[in-house]
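Just below is one structure, and these are the notes that go with it.
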Amino acid sequence: MPQLTMKKKSSIKMNVSQILSETGHYIAANPMFVLCVCVVNMVYMLVLKAIPDGVQNPLFVIWIITYYLFWCFFYRYYYGLKPYFLSSAMLGSLTPSTKALFLLALLMCSVAFLPMLPLFWGDTETYNIIYNRYLLPISRDGVIHFSGPVLICVYTLMVLIAPPLICKPYLAWISSLRKQNASFRKVGDKTKGNYLQFVIISALLLFPEALASEIDAYFNLRNWLDYTVSTLIFIYTNIIFAKIYDFFYLKH
């Protein structure tokens, strides 16, 4: 008698245009909520801009904690999960968040050390060329601005690595806020075969921010355009990821 073999479960393909359409419908159906989120998020960005010395100031710790709780509230409210605040799910959500931050920190350190590689084999001339051409462009306000081609390369790299290092941990974090399985392996199983779709979504979210940053630097707008566009895109990003989570976890 022939042995019966389990049929492999085919991966579920995400429709990017459908996700974008559902995101637009949600915004249109909940204008006051989205507007309130925009206002609060913009206030947070203005407060961050006003903190002296930025992340080096102890006040930044208070800012990042309350900002984290704000986005926890957003997803708890989105899914109608009461209590919106002070839920044990918020404490549990720190696990995937910490893992994601560790991966991002590891990646950022690796990228930061890449220009120093010539020093390891004694090629100081190449390092000086890299440093003077790409790492030294500082504006009058002391903010580093990369040249157009370098900025495109940086954002392209971010788009390509976003699916495993940003998108999947984000879905795990949302799952933890719903007190569901928040393992990265679970997310990987759910979203398997959708790397290109996540790259497209990441490009749609990241490249407009890069363009806004370039326009801001060119017209010397002191980061106001960059802050505004980044704020709006980040809100849109969170709604998109809510819809992506719905697709993989609630619909299939």
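The values are calculated or read from the model by the stated rules, or taken from the named source; none is laboratory data. Note that this is a predicted model, so its numbers are computed, not measured. Note that we place each Cβ from the backbone using ideal geometry, even for glycine, and neighbour counts take in every protein chain shown.
Check I233, I161, I201 and return the single one that is in contact (Cβ under 8 Å) with a residue 60 or more places away in the chain and either under 21 Å from E22 (Cα atoms) or not hydroxyl-bearing (S, T, Y) (or both).
I201
Which of the residues belonging to region 59-98 are polar (S, T, N, Q), part of a helix (DSSP H, G or I) and either surrounded by 14 or more Cβ atoms within 10 Å (Cβ to Cβ) or within 21 Å of the chain's Cα centre (by Cα) (or both)?
Passing the criteria: T66, T95, S97, T98.
With the condition kept exactly as written, say whether any residue in region 177-186 is part of a helix (DSSP H, G or I), free of Cβ contacts under 8 Å to residues at least 24 places away in the same chain and aliphatic (A, V, I, L, M).
no
Please specify each residue of region 177-210 satisfying the condition of being among the hydroxyl-bearing types (S, T, Y), over 18 Å from H252 (Cα atoms) and at pLDDT below 90.
Once the filter is applied, which keeps residues that are among the hydroxyl-bearing types (S, T, Y), over 18 Å from H252 (Cα atoms) and at pLDDT below 90, region 177-210 yields nothing.
So that you can scan it fast, the table gives a plain yes or no per residue for (1) at pLDDT below 90; (2) of a type outside the set (S, T, N, Q); (3) closer than 30 Å to N223 by Cβ:
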| site | (1), (2), (3) |
| --- | --- |
| S17 | no, no, no |
| S21 | no, no, no |
| C36 | no, yes, yes |
| M42 | no, yes, yes |
| V55 | yes, yes, yes |
| Y75 | no, yes, yes |
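Looking at (1) surrounded by fewer than 15 Cβ atoms within 10 Å (Cβ to Cβ); (2) in contact (Cβ under 8 Å) with a residue 12 or more places away in the chain; (3) not aliphatic (A, V, I, L, M), find the lone condition where F219 falls short.
Only one criterion is unmet by F219, namely (2).
Select from region 201-219 the residues that are among the aliphatic types (A, V, I, L, M) and farther than 16 Å from F234 by Cα and list them in ascending order.
Once the filter is applied, which keeps residues that are among the aliphatic types (A, V, I, L, M) and farther than 16 Å from F234 by Cα, region 201-219 yields I215, A217.
Within region 148-160, take every residue that is surrounded by 16 or more Cβ atoms within 10 Å (Cβ to Cβ) and either closer than 17 Å to F247 by Cβ or at pLDDT 85 or above (or both) and give me the one that is farthest from the chain's Cα centre (by Cα).
Y155
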